[in-house]
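The values are calculated or read from the model by the stated rules, or taken from the named source; none is laboratory data. If you're wondering where the values come from, they're calculated on a predicted model, not measured in any experiment. Because the Cβ atoms are built from the backbone with ideal geometry, glycine has one as well, and the counts that use them run over all protein chains shown. Protein only, heavy atoms only, side chains kept; ligands, DNA and RNA dropped before computing areas. Shrake-Rupley method; radii C 1.70, N 1.55, O 1.52, S 1.80 Å.
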Amino acid sequence: MTVWRYGHDSQGCAALPSFSRVRVSPEGGAVSRTSRSSRSEDRTGLLNGLAAYGLWGLVPLFWPLLKPAGAVEILAHRMVWSLVVVAVALLFVRRWDWAGQLLRQPRRLALVAVAAAVITVNWGVYIWAVNSGHVVESSLGYFINPLVTIAMGVLLLKERLRPVQWVAVATGFAAVVVLTVGYGRPPWISLVLAFSFATYGLVKKKVGLGGIESLAAETAIQFLPAFGYLLWLVAHGEASFVNDGAGHAALLASTGLVTALPLVCFGAAAIRVPLSTLGLLQYLAPVFQFLLGILYFHEAMPPERWAGFALVWLALILLTGEALRSARRTRESLVVARGGKAESAAVDV
């Protein structure tokens with residue numbers, strides 16, 4: 001006999017439920033092989049998600065190791081070595097069909113170029129900020145990124161917000177005002193990081209490439225100017241890659257692995273766990289960065305900055321709570337809609 005069991009979509013790409021068939025014995029004992037496999041996939045996905053966001057959260061510890069290289073030199077090495085790493089990975093898995101298709105689609109190729117330009121700004125500002133003592137302000141950029149993404153959805157895509165989302169966005173705006181007073185200037189590092197990353201996400205969604213493929217396409221566009229700049233540094237005797245020993249050169253070369261490894265883990269998580277879970281995990285990275293800024297780099301946090309961050313966290317709590325309620329309502333409505341079908345198929349001897 002066969003029954004229908006409710007569970008998450010096997011692709012794990014959204015918090016949308018699906019029904020899967022499991023075999024039941026006449027005595028009523030279900031064969032749990034599918035269930036065990038699903039739990040194993042969920043566990044693997046969760047561990048990969050923790051690894052991805054954990055690595056992204058701890059990356060501020062890495063960039064200072066690359067001194068005396070400046071932010072632009074580090075950025076150029078990151079572009080060059082990231083392409084090397086993802087090219088090797090794609091050769092290993094033999095996934096190159098997408099490249100030919102992309103070259104035959106000028107509009108998608110142009111969007112990849114836009115994504116490459118935007119992520120160049122994001123990477124460059126972030127590296128400079130961390131190595132210049134602005135880790136806490138950098139973490140703020142990734143805290144407010146979901147709020148900026150929502151605001152861009154309203155302005156550019158004409159999306160409609162629910163009341164709680166409007167309150168969250170307004171609270172985030174108030175936080176920026178408070179932090180502007182606290183810093184004595186707009187938190188431009190945070191705003192550049194948030195807007196550049198939100199734009200990057202929007203463009204990537206329209207391109208529709210996988211994580212590794214997208215990184216390969218973007219770094220292929222970045223490669224020539226980055227490699228040209230590195231050659232210029234060598235010609236002028238200013239390349240720390242050449243001047244500061246083999247250990248320093250190895251660290252600069254490892255920027256490719258530091259970039260690609262979390263992305264691989266994220267890709268493994270994205271196909272195994274619901275987006276609602278990934279949405280919660282994404283806060284690990286700025287939390288780790290914030291804690292590193294205060295506890296490890298000993299950056300100042302006067303009361304007005306605490307007040308600004310508290311408003312941001314309040315906005316995120318409102319936003320996350322609303323998202324979870326919406327996902328639960330969606331699941332419940334789908335269960336009700338499919339309940340009749342599930343009952344009619346419950347006995348299939």
Could you list, in sequence order, all residues of segment 264-277 that are part of a helix (DSSP H, G or I) and either modelled with pLDDT of 90 or more or farther than 19 Å from GLY141 by Cβ (or both)?
VAL264, CYS265, GLY267, ALA268, ALA269, ALA270, LEU275, SER276, THR277
Scanning for something open to solvent by less than 70 Å² (accessible area, probe 1.4 Å), under 24 Å from GLY49 (Cα atoms), in contact with a helix residue (DSSP H, G or I) (Cβ under 7 Å, 6 or more places away or on another chain) and at pLDDT 90 or above, does segment 291-304 turn up at least one residue?
yes
Given (1) more than 23 Å from PRO302 (Cβ to Cβ); (2) modelled with pLDDT under 95; (3) aromatic (Phe, Trp, Tyr), PHE143 misses just (1)
Of the conditions (1) open to solvent by 40 Å² or more (accessible area, probe 1.4 Å); (2) in contact with a helix residue (DSSP H, G or I) (Cβ under 7 Å, 6 or more places away or on another chain), the single one that ALA226 does not satisfy is (1)
Say whether the condition of being more than 26 Å from ILE221 (Cα to Cα), in a helix (DSSP H, G or I) and out of contact with any Pro (no Cβ under 7 Å at 6 or more places or on another chain) is met by at least one residue in segment 126-135.
no
Looking only at segment 60-68, decide whether some residue is under 18 Å from TYR200 (Cβ atoms), open to solvent by less than 70 Å² (accessible area, probe 1.4 Å) and assigned to a helix (DSSP H, G or I).
no
Return yes when PRO286 is touching a residue at least 12 places away in the same chain (Cβ under 8 Å), in contact with a Phe, Trp or Tyr (Cβ under 8 Å, 6 or more places away or on another chain), farther than 21 Å from THR171 by Cβ and not in a loop (DSSP other than H, G, I, E, B) and no when it is not.
no
Restricting to segment 78-103, name every residue that is within 19 Å of VAL207 (Cα to Cα), without any contact (Cβ under 8 Å) to a residue 60 or more places away in the chain and either open to solvent by less than 90 Å² (accessible area, probe 1.4 Å) or in contact with a His (Cβ under 9 Å, 6 or more places away or on another chain) (or both).
GLY100
Show the residue pairs meeting these rules: Cβ distance below 9 Å; 6+ apart or different chains; first residue within segment 193-212 and touching a residue at least 12 places away in the same chain (Cβ under 8 Å) and of a type in the set (Gly, Ala, Ser); second residue open to solvent by less than 30 Å² (accessible area, probe 1.4 Å) and not in a helix (DSSP H, G or I).
ALA194/ILE144
Looking for something within 16 Å of TRP123 (Cβ to Cβ) and either open to solvent by less than 20 Å² (accessible area, probe 1.4 Å) or not aliphatic (A, V, I, L, M) (or both) - is there at least one such residue anywhere in segment 232-249?
no
Working only within segment 157-187, note down all residues that are aromatic (Phe, Trp, Tyr) and open to solvent by less than 70 Å² (accessible area, probe 1.4 Å).
TYR183
